[in-house]
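In what follows, a single structure is set out as structure tokens and then discussed.
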Amino acid sequence: MIVLAIYVAIFIASFVIVKFAVHKATTDYTSLKTVTFGDESAVTPNRIASVISILTIFLLWGAFTGSRLVPGFMHAPGPFMGDATFTYTAEAEGGTTDDATVTVRVFEVGTEVEMPEVAPGDGWAKNDVDTVGAWRSGLIRVDRNDELGRDQGHTVIAVNGTPIAPGGSVMTEFGRVGMSQKGTLNFEPAKGWQMEPIWLPPPEAVLARVGEIAREGYRDSTLWEHLGYSLFRVVVGFFFGALVGIPLGYAMGLSNWFRGWFDPIVEFMRPVPPLALIPLVIIWAGIGEVGKIILLFLAALWIMAIAARSGVSGVAISKVHAAYSLGASKWQLMRYVIVPNSLPEIFTGARVAMGVCWGTVVAAELVAAEKGAGMMIMVASKFQLTDIVIMGIILIGVIGFGIDILMRWAEKTLVPWKGRI
Amino acid sequence: MSGLSIENLSMRFDLPNGTSVQALKDVTLSIKEGEIMSVLGPSGCGKTTLLNIVAGFLAPTDGQVVMNGHRVSGPDAERGMVFQQGALFEWMSVRDNVSFGPRMAGQRERDWAGNVDHLLDVVGLRDFKEKAVYELSGGMQQRVALARCLANDPDVILMDEPLGALDALTREKMQSLVLRLWKETGKTIILITHSVEEALLLGERLLVMAPRPGRIHREYNLPFADLGVGQDLREVKKHPDFALRREEILGMIWDMEEEIMGRQEQSA
Ligand SMILES: Nc1ncnc2c1ncn2[C@@H]1O[C@H](COP(=O)(O)OP(=O)(O)O)[C@@H](O)[C@H]1O
Ligand SMILES: [Mg+2]
């Protein structure tokens, strides 16, 4: 909730600041429009907003994980670390009460820690020491070193002067002191607002992981091998899907018999999400490369067939008539009119198919694989290696985005007439 | 026998709901070689259907079209077509569009290059030959379509409202171009239009068709096409007969339109 509130606050504040600080220097046609609200063509992404948006995400990520990349004053309050102290008041047989101090050293999990040293103090209740990891909690048996133990009816009746009973708790400046039903104290140091690295590691930890895995690999394969395998499966599966799907789509667009024969199959397979095929493909082909490629082949096949079919149906009849009147044969019509005319549709289909294949391969690797981006994050999650999981997600996103950019670029160079007819 | 003859042509469309439309009934007509004929009539009177049958895209339910002594049974390079919206191939440059016919016929580049360049000159697109067709204006696209048709050297050129989508000024220039090409190439031309002025200007013969069923209503022989060759078409329009004919034909078409409206009101 706090994060969302901060996010919204940054959104509004940066909008206001940019609005007043940056005067529109552009003098294009849009800047002369008087009606812009409601005119969709006048809405272009504000690049300043995009940059601030990305920075905000990293800033929030860094601030709430105590990242070293974010200046210290911007950090959200972290967990308490160091020596925490509180006093307890105990009672024993004979009606005497006595005070003693507990010193708890709160340390960063994963580092060496030494017991703090304190003088035992006077009275029959002696001062105690203990250690607790940050974000953890620990039982503290304060009666153990006291002269009157449980056999003498040792009971803690107050912490820092505040009365406490079994099941109750007292907040101190260092954290919460609770009492179990049996009367044992436990200490839970203040957690602050930051995320524990096991939930969300700071950006530099993820970055360091990228470096480490790129150098040393993970699970017997380097990072590039994992990503390369995923990409390889997508490219091969898509290639065969297109190789079969496009001619199939053409046949369906040109012949009654083909249309009739394959319509039910294509229309049935189209709404089946490729993810639903994973179990069957594993049963039939195992978890190796063949199974993955069959799955991606099937994912791409229907999309490409439908794209090619609608590319053929989309040809203006006047173009077909014109070609025949100019003396073209059926084969020439196919080669010079039908195929080029269907290219824009095929490219749209290819973009969709590539996106679906990429999503499907990651999902399939999550289920079962020996190598691949999905397998990497799945295995890492089992060992609570959150930094690898986050790294994997970011890389999968970047590659998916890269594929789409590449397809768009190819579309622009190969079918420049798209949308301009 | 050269030229084109249309013999007792009838066309009935059977609609899926069981009714049928008699688009053409018993149309007979012959066109001499080198003649330019314009066809006029209220919309829905079967003009496009007639042209599609002549082009060979549709088979008539009755009658036949005979061309150069043989019966028309499908599209052929001897009958070229110019459509309302160019129907150009966007994936080819202007030059590739124009040379499409010769290339499909298997001619080598050195055999067609001269003629194609000449035609591009004639239609004023010499500087645009490497351009993509979607970069051209509507009038320029229509000129590409004309050049493409001529490059294939057909005996008859069929045009279905070829200038209908152009603005008035461009249209006037294109009308002059069509007349010039007609005189220079000596092609037989059938041109459908819904503009009475255009029909008068571009028709040595003018055919007025009537709807329901589509049939020939009247035929005129006119001097304006010959007058218009090499002359400003605005001068031709000043000819006293021109205004006379225009009013006469306009009235005729008005009456037909009103009759259609009346019939629709009755049946409604
Ligand atoms: N493919 C078709 N199917 C059914 N009816 C058609 C078809 N083509 C044309 N028609 C009908 O035939 C008549 C003549 O159409 P058309 O030749 O396009 O007229 P025009 O070109 O003179 O406007 C119209 O009533 C039209 O509805
Ligand atoms: Mg028509």
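The values are calculated or read from the model by the stated rules, or taken from the named source; none is laboratory data. Bear in mind the structure is a predicted one, so any value in this text is a computation, not a measurement. Cβ: placed from backbone, ideal geometry, glycine included. Neighbour counts: every protein chain shown. Side chains are part of the model used for accessible areas, which takes the heavy atoms of the whole protein and leaves out ligands, DNA and RNA. Shrake-Rupley method; radii C 1.70, N 1.55, O 1.52, S 1.80 Å.
Checking the conditions here, which among B:G114, B:G124, B:G139 is part of a helix (DSSP H, G or I) and either touching a residue at least 12 places away in the same chain (Cβ under 8 Å) or touching a strand residue (DSSP E or B) at 6+ places or on another chain (Cβ under 9 Å) (or both)?
Details: B:G114 fails: either touching a residue at least 12 places away in the same chain (Cβ under 8 Å) or touching a strand residue (DSSP E or B) at 6+ places or on another chain (Cβ under 9 Å) (or both); B:G124 fails: part of a helix (DSSP H, G or I).
From the options B:G114, B:G124, B:G139, the qualifying one is B:G139.
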*Of the numbered conditions (1) within 15 Å of ligand 2 (Cβ to nearest atom); (2) crowded, with 20+ Cβ neighbours inside 10 Å; (3) not in a strand (DSSP E or B), B:H194 fails exactly one; give the number of that condition.*
(2)
_Every residue in the stretch B:13-56 that is near ligand 1 (Cβ under 9 Å from one of its atoms) and in a strand (DSSP E or B), please._
B:F13, B:D14, B:S20, B:V21, B:Q22, B:A23, B:L24, B:V39
*strands (runs of 3 or more DSSP E) completely within the stretch A:146-253 that count 1 or more residues being of a type in the set (S, T, N, Q) and open to solvent by 50 Å² or more (accessible area, probe 1.4 Å)*: A:155-159, A:169-172
*Given (1) open to solvent by 10 Å² or more (accessible area, probe 1.4 Å); (2) within 16 Å of ligand 1 (Cβ to nearest atom), where does B:P223 come up short, assuming only one miss?*
(2)
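What number of residues in the stretch B:151-175 are away from ligand 1 (no atom under 16 Å from the Cβ) and either assigned to a strand (DSSP E or B) or open to solvent by less than 60 Å² (accessible area, probe 1.4 Å) (or both)? Lay out the reasoning, then the answer.
Within the stretch B:151-175, the first condition is being away from ligand 1 (no atom under 16 Å from the Cβ), and the residues that meet it are B:151-157, B:166-175.
After this cut, where a residue has to be either assigned to a strand (DSSP E or B) or open to solvent by less than 60 Å² (accessible area, probe 1.4 Å) (or both) as well, the list is B:151-152, B:154, B:156-157, B:166, B:170-172, B:174-175.
Qualifying residue count for the region: 11.
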*Considering each of A:S342, A:S310 in turn, give the residue that is hydroxyl-bearing (S, T, Y), assigned to a helix (DSSP H, G or I) and open to solvent by 30 Å² or more (accessible area, probe 1.4 Å).*
A:S310
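With the structure loaded, tell me whether B:L88 is assigned to a helix (DSSP H, G or I), closer than 25 Å to B:K173 by Cα and open to solvent by less than 40 Å² (accessible area, probe 1.4 Å) or whether it fails that test.
Working: assigned to a helix (DSSP H, G or I): no; closer than 25 Å to B:K173 by Cα: yes; open to solvent by less than 40 Å² (accessible area, probe 1.4 Å): yes.
Spelling it out, it is not the case that B:L88 is assigned to a helix (DSSP H, G or I), closer than 25 Å to B:K173 by Cα and open to solvent by less than 40 Å² (accessible area, probe 1.4 Å).
Would you confirm whether any residue within the stretch B:87-107 is of a type outside the set (S, T, N, Q) and within 16 Å of ligand 2 (Cβ to nearest atom)?
Of the stretch B:87-107, the ones of a type outside the set (S, T, N, Q) are B:87-92, B:94-96, B:98, B:100-106.
Within this subset, residues satisfying the condition of being within 16 Å of ligand 2 (Cβ to nearest atom) are B:87.
Yes, there is a match, as at least one residue in the stretch B:87-107 is of a type outside the set (S, T, N, Q) and within 16 Å of ligand 2 (Cβ to nearest atom).
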*Name every residue in the stretch B:53-74 that is more than 8 Å from chain A (Cβ to nearest Cβ) and either in contact with a helix residue (DSSP H, G or I) (Cβ under 6 Å, 6 or more places away or on another chain) or within 16 Å of ligand 2 (Cβ to nearest atom) (or both), in order of residue number.*
B:I53, B:V54, B:L58, B:P60, B:V65
_So, B:T48, is that one within 15 Å of the chain's Cα centre (by Cα), farther than 14 Å from B:P154 by Cβ and either more than 10 Å from chain A (Cβ to nearest Cβ) or open to solvent by 40 Å² or more (accessible area, probe 1.4 Å) (or both) or not?_
yes
*Assuming B:A77 fulfils every condition listed in (1) at the interface with another protein chain (Cβ under 8 Å from one of its Cβ atoms); (2) open to solvent by 40 Å² or more (accessible area, probe 1.4 Å) apart from one, which condition is it?*
(2)
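Residues checked against (1) open to solvent by 50 Å² or more (accessible area, probe 1.4 Å); (2) of a type in the set (D, E); (3) outside any helix (DSSP H, G or I):
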site	(1), (2), (3)
A:V352	yes, no, no
A:W358	no, no, no
A:I388	no, no, no
A:I393	yes, no, no
A:G402	no, no, no
A:E411	no, yes, no
A:R420	yes, no, yes
